[in-house]
């Protein structure tokens, strides 16, 4: 009898937790250049981030960086100005298309529109697309580092500082 109760209890726990695990693995993040990444928007405040489950980032200035899962938000004057994604790119969607498995500059320049000339710095290369609302970062050896959603003002500062 105790064995039956233990087995049934285990099955109930498994049935209740599997959908939650599957939901986390299957979460898609919609990319809107210059505006949002998933449920986070450029312009959100620290309070809005915290109410959405974000926590101050322990590795960076906690007043300027918050993280939830694969999204890192950077704030200036209590407003989100940049959103980095460092998760599984298979879960990124842009215009209902999955992010390409190949992440070389040529492939991503075709995936996003309006890609501009690259900005080369000491740490690597940045490519801005979709009218400067998407930043693609590469190391000097052309290895993909990541994607972020930015505002044109942030891009303007980066370009000015690189000259």
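Annotations for the structure displayed:
- When the range 96-114 is filtered for residues that are in contact with a helix residue (DSSP H, G or I) (Cβ under 9 Å, 6 or more places away or on another chain) and either surrounded by fewer than 18 Cβ atoms within 10 Å (Cβ to Cβ) or more than 14 Å from residue 144 (Cβ to Cβ) (or both), the ones remaining, listed by number, are 97, 98, 100, 101, 102.
- Candidate set from the range 42-79 (those that are closer than 19 Å to residue 146 by Cβ and in contact with a helix residue (DSSP H, G or I) (Cβ under 7 Å, 6 or more places away or on another chain)); member that is surrounded by the most Cβ atoms within 10 Å (Cβ to Cβ): 73
- Selection of the range 67-86 for residues being in contact (Cβ under 8 Å) with a residue 60 or more places away in the chain and either over 21 Å from residue 43 (Cα atoms) or over 17 Å from the mean Cα position of the chain (by Cα) (or both) yields an empty set.
- Matching residues in the range 103-125 - criterion: being more than 20 Å from residue 70 (Cβ to Cβ), outside any helix (DSSP H, G or I) and in contact with a strand residue (DSSP E or B) (Cβ under 9 Å, 6 or more places away or on another chain): 104, 113, 114, 115, 116, 117, 118, 119, 120, 123, 124, 125
- Residue 131 meets the conditions (1) touching a helix residue (DSSP H, G or I) at 6+ places or on another chain (Cβ under 9 Å); (2) buried (at least 18 other Cβ atoms within 10 Å of the Cβ); (3) in contact (Cβ under 8 Å) with a residue 12 or more places away in the chain in every case but one. The failed one is (2).
- Whenever a residue of the range 87-105 is free of Cβ contacts under 8 Å to residues at least 24 places away in the same chain, its partners that are surrounded by 13 or more Cβ atoms within 10 Å (Cβ to Cβ) and assigned to a loop (DSSP other than H, G, I, E, B), lying with C-beta atoms within less than 8 angstrom and at least six residues away or across chains, give the pairs 88/70; 90/99.
- The range 134-160, residues that are in contact (Cβ under 8 Å) with a residue 60 or more places away in the chain and assigned to a loop (DSSP other than H, G, I, E, B): 151
Every read-out reported here was derived from the displayed coordinates using simple, explicitly stated rules and does not represent laboratory data. Being a predicted model, the structure only gives us computed values, none of them experimental. A quick note on method: Cβ atoms are made from the backbone with ideal geometry, for glycine too, and the neighbour counts reach across all protein chains shown.
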